[in-house]
Amino acid sequence: MANNNNESILKRLTKNVWVTSLLLAVIILGAAGSIVYWKISSESIYTDSALVSAPVTNLTPTISGTLNNVFVNVGDEVAANTVVAQVGNELLKTKTASEVVTTDTALGTTIAPGISVVEVVNPDDLRVVAHIDEGKGLADIHVGQQADFTIDAFGTRKFHGIVDEISPTARQGDIVFSISDKRQTNQFDVKIRFDTTAYPELKNGMSAKVWIYK
């Protein structure tokens with residue numbers, strides 16, 4: 001009987017030690033995670049409101065005419081001086097190597113000057129544009145700082161870039177209100193330059209998350 005009691009006590013002690021060890025491991029891991037999060041937060045400014053973007057060039061005729069042909073499709077990558085459409089007798093050409101983002105497919109319609117037939121972006125002009133709240137680290141951001149970013153389409157894969165430009169004015173129409181005091185908070189665009197030849201898979205309009213290192 002004494003042996004059975006001893007074995008029962010030993011089992012309980014072993015179980016208690018195992019449970020205690022497990023709890024200690026969870027506490028240690030939680031503390032380590034908190035420290036890592038604090039360190040990252042203190043050394044970087046983060047936003048999940050960002051996207052890959054480039055200025056759009058509108059290709060439009062110089063005189064009114066009928067849209068006779070469109071020779072490209074959305075997503076096409078074309079070289080400089082490529083004919084992309086014909087309006088009347090006028091051939092519309094790209095000025096630089098470009099990616100087509102929109103096209104007008106309404107053949108036979110009259111197109112006036114200023115009306116876009118094809119819209120393109122220059123892949124070399126692609127930037128990650130991060131929207132930063134003015135009260136969440138904007139003052140700590142400077143041109144030349146290192147930045148990492150992920151692209152939603154590529155999961156957790158990290159890409160690298162450098163702060164290239166900080167908008168001097170707030171974004172129009174994007175007003176955020178503080179939950180605590182309902183105070184208006186403006187957002188500013190911060191552009192991250194990256195090596196477009198190293199990351200040719202990044203396309204105009206892709207969503208991103210950004211870490212800018214202080």
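What follows draws every value from the coordinates through simple rules; no lab data is involved. The model shown is predicted, which means the values in this text are computed figures rather than measured ones. Cβ: placed from backbone, ideal geometry, glycine included. Neighbour counts: every protein chain shown.
Explain nothing, just the number: relative contact order of segment 56-123, from Cα pairs under 8 Å at least 6 residues apart, as a whole percent.
Reported relative contact order: 44 percent.
Ordered by residue, what ³J(HN,Hα) values in Hz, to whole numbers, does segment 160-165 give under the Karplus form 6.51 cos²θ - 1.76 cosθ + 1.60, where θ = phi - 60° and Gly and Pro are x?
For segment 160-165, the Karplus curve yields 10, x, 9, 4, 10, 7 Hz.
Round to the nearest 0.05 the FRET efficiency obtained for Asp152 and Thr185 when R0 = 25 Å and r is the Cβ-Cβ distance.
FRET efficiency, Asp152 to Thr185: 0.55.
I need the phi-derived Karplus couplings for segment 75-83: 6.51 cos²θ - 1.76 cosθ + 1.60, θ = phi - 60°, integer Hz, Gly and Pro marked x.
Running phi through 6.51 cos²θ - 1.76 cosθ + 1.60 with θ = phi - 60° gives x, 5, 10, 10, 7, 4, 6, 8, 6 Hz.
With r as the distance between the Cβ atoms of Glu43 and Ser207 and R0 = 30 Å, compute the FRET efficiency 1/(1 + (r/R0)^6) and round to 0.05.
0.80
Strictly over 18 Å apart at the Cα level, which of Lys93/Lys203; Lys95/Lys203; Lys136/Lys209; Lys136/Lys203; Lys95/Lys191; Lys158/Lys203 would you flag in this model?
Among Lys93/Lys203; Lys95/Lys203; Lys136/Lys209; Lys136/Lys203; Lys95/Lys191; Lys158/Lys203, the Cα-Cα distance tops 18 Å for Lys93/Lys203; Lys95/Lys203; Lys136/Lys203; Lys95/Lys191.
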